[in-house]
Structures are given as C-alpha cells and as structure tokens.
1. Only residues that are open to solvent by 10 Å² or more (accessible area, probe 1.4 Å), assigned to a strand (DSSP E or B) and among the small types (Gly, Ala, Ser): list them for region 124-160, please.
2. Considering each of Phe129, Phe109, Phe151 in turn, give the residue that is touching a Leu at 6+ places or on another chain (Cβ under 9 Å) and under 24 Å from Ala200 (Cα atoms).
3. For the list (1) farther than 20 Å from Gly150 by Cβ; (2) open to solvent by less than 10 Å² (accessible area, probe 1.4 Å); (3) not aromatic (Phe, Trp, Tyr), I need the number of the one condition that Ile81 fails.
4. Please determine, by comparing only the residues of region 26-64 that are in contact with a Gly (Cβ under 9 Å, 6 or more places away or on another chain) and modelled with pLDDT under 95, which one is farthest from Ala144 (Cα to Cα).
5. Quick one: what pairs do we get from region 156-183, first residue closer than 23 Å to Ala114 by Cβ, second assigned to a loop (DSSP other than H, G, I, E, B) and aliphatic (A, V, I, L, M), C-beta under 6 Å, 6+ apart or different chains?
6. Checking Ala76 against (1) open to solvent by less than 10 Å² (accessible area, probe 1.4 Å); (2) in contact (Cβ under 8 Å) with a residue 60 or more places away in the chain, which single condition isn't satisfied?
Amino acid sequence: MRLTSVRRRLTVSASAIALSTLAMSSPTTAATCTWAGGNNVWTNIAQWSCGVQPGSIDNVFISTPGSIVSISNINANAGTISLGSGNQLNITNSSLFIFNNAVTNNGTFTIGGAAGTADLRSGSGNVTFTGTGTIVLNDTAGLARMFSGGFVFGSGQTVRGSGQMGVNQTIFSNAGLISSDVNTRNLSIDVTGGNGGVGAGNGFGTNTASGLFNTGTMQAANGGTFVVRKRAI
C-alpha cells in the first residue's frame with residue numbers, strides 16, 4: 001500500500017511537470033501596440049497601449065497626427081508597422097528590424113541624421129512598403145542604411161536622400177520614386193545579391209533573378225549621385 005501510494009504521487013508529479021512544460025512552450029500571441037501620441041522615445045513603455053516595448057511579432061500602430069517616435073541607441077523590433085499621415089519614425093545610431101514583412105507608410109521614416117550607424121533592416125524575407133509616405137536616408141553625420149533580405153516599394157512610396165541601400169545580398173523592387181537628391185552626396189544601391197548573386201528564383205522580375213527591379217522612377221537631382229553596384233556575371 002505504501003509503495004502504491006508513492007508511485008501514485010510520482011505519477012501525478014510527472015504529469016504536472018509535463019503540463020507546466022507544455023504551457024511554457026505554447027506560442028506567444030502577437031500584441032497590438034498603439035502609440036499614445038506626441039514626441040517621445042520608442043523605449044518609453046508608458047506610450048504603448050500594449051504596456052511593453054514592441055517585439056518581433058507585434059503589430060505597431062503610430063496613428064495620432066503629429067507624433068514623433070525616436071529610436072536611439074538600441075536594437076528595436078516590430079512585426080508589422082503602420083505609420084499614419086503626419087507622423088514620423090526616426091532611427092538614429094540604432095537598428096530597427098521588421099519581421100512580418102509589412103509596413104503601411106503614410107508618414108516619414110528618417111534613417112540617420114546623427115553620429116553613428118542607423119539601420120532599417122528586414123528581420124525575415126521581403127518587407128513590402130505600401131501607402132503614400134517617404135523614407136529619408138540621411139548620412140550627413142553617420143551611416144544611414146537599408147539592408148538584409150529584400151524591400152518592395154509600392155507606387156506611392158518615395159525613398160530619398162543619401163546613404164546606402166543594400167548590404168549582404170539585399171534585393172529591391174521599386175514601383176515608386178527613389179531619388180538621390182542631396183548635393184555632392186551619394187545614394188548607393190548595392191544589389192550584388194541579385195543578377196547572379198542569389199540566383200534565379202531568389203530576386204524580382206523576369207525569372208525572379210533581378211536584384212534591382214524597377215517599374216517606377218529612379219533619379220539623381222539637386223547635385224546628388226547614384227552609385228549602383230551589382231555582381232559581375
């Protein structure tokens with residue numbers, strides 16, 4: 001009787017441990033994180049409706065007109081981002097990783113403008129930008145870069161300024177406007193990952209082999225210069 005009782009207790013204990021482990025390994029649910037409005041830093045959790053700094057699976061909404069959100073001296077993550085008209089998201093000496101491949105941009109992303117390196121990166125796959133907003137690269141005080149994975153710019157998107165687009169096999173599809181428009185400075189587009197880099201099936205355009213597939217407008221204006229790099233074939 002005593003041995004049976006002991007065995008029973010051990011069985012219950014093992015089951016409890018198994019249930020506890022299963023609960024701990026359950027998938028985390030994505031949060032909706034809405035910015036409260038105003039000018040503040042990304043790391044201020046009081047500004048987010050979700051009560052925490054957004055993570056790699058979370059859906060970020062910055063929709064209150066006149067909001068300025070600053071990412072400075074950190075690595076920040078988001079699943080998706082929706083930036084409303086009249087709002088700004090500024091990245092300085094930091095990296096912002098986008099993991100769930102969708103950005104609705106009706107405002108202004110600014111990358112750079114201060115000392116250090118500022119990056120906007122794909123966390124996984126190709127990031128598609130829709131809406132009627134602007135992405136500004138400003139490398140006048142430090143590096144300003146977009147890279148990793150791929151970027152798709154819809155017909156209403158404008159990418160402008162000076163800096164670097166593409167590092168480490170980045171690919172681009174542009175249906176909007178890409179403008180190198182800062183006097184005496186370069187907008188460098190490195191597509192060595194396409195056109196023989198990543199190979200057919202891994203880029204855009206015919207045979208999905210192009211590292212840079214443009215159906216929109218690419219221009220140099222106001223004394224700015226384009227530098228396009230691709231892998232020699």
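The values are calculated or read from the model by the stated rules, or taken from the named source; none is laboratory data. This one's a predicted model, so the numbers in the text were calculated from it and none came from an experiment. Every residue, glycine as well, gets a Cβ built from its backbone with ideal geometry; the counts of neighbours run over all protein chains shown. Calculation scope for accessible area: heavy atoms of the full protein, side chains included, ligands and nucleic acids excluded. Shrake-Rupley method; radii C 1.70, N 1.55, O 1.52, S 1.80 Å.
1. So in region 124-160, the residues open to solvent by 10 Å² or more (accessible area, probe 1.4 Å) come out as 124-126, 128, 130-132, 134, 136, 138-143, 145, 147-149, 152, 154-156, 158, 160.
Next, only the ones that are assigned to a strand (DSSP E or B) stay: 126, 128, 130, 134, 136, 138, 143, 145, 147, 152, 158, 160.
Hits for region 124-160: nothing passes.
2. Details: Phe129 fails: touching a Leu at 6+ places or on another chain (Cβ under 9 Å); Phe109 fails: under 24 Å from Ala200 (Cα atoms).
None of the others qualify; the one that does is Phe151.
3. Among (1) farther than 20 Å from Gly150 by Cβ; (2) open to solvent by less than 10 Å² (accessible area, probe 1.4 Å); (3) not aromatic (Phe, Trp, Tyr), the lone unmet condition for Ile81 is (1).
4. Thr28
5. Gly161/Val182; Ser162/Val182; Gly166/Val191; Ser179/Ala221; Asp181/Ala221
6. Unmet condition: (2).
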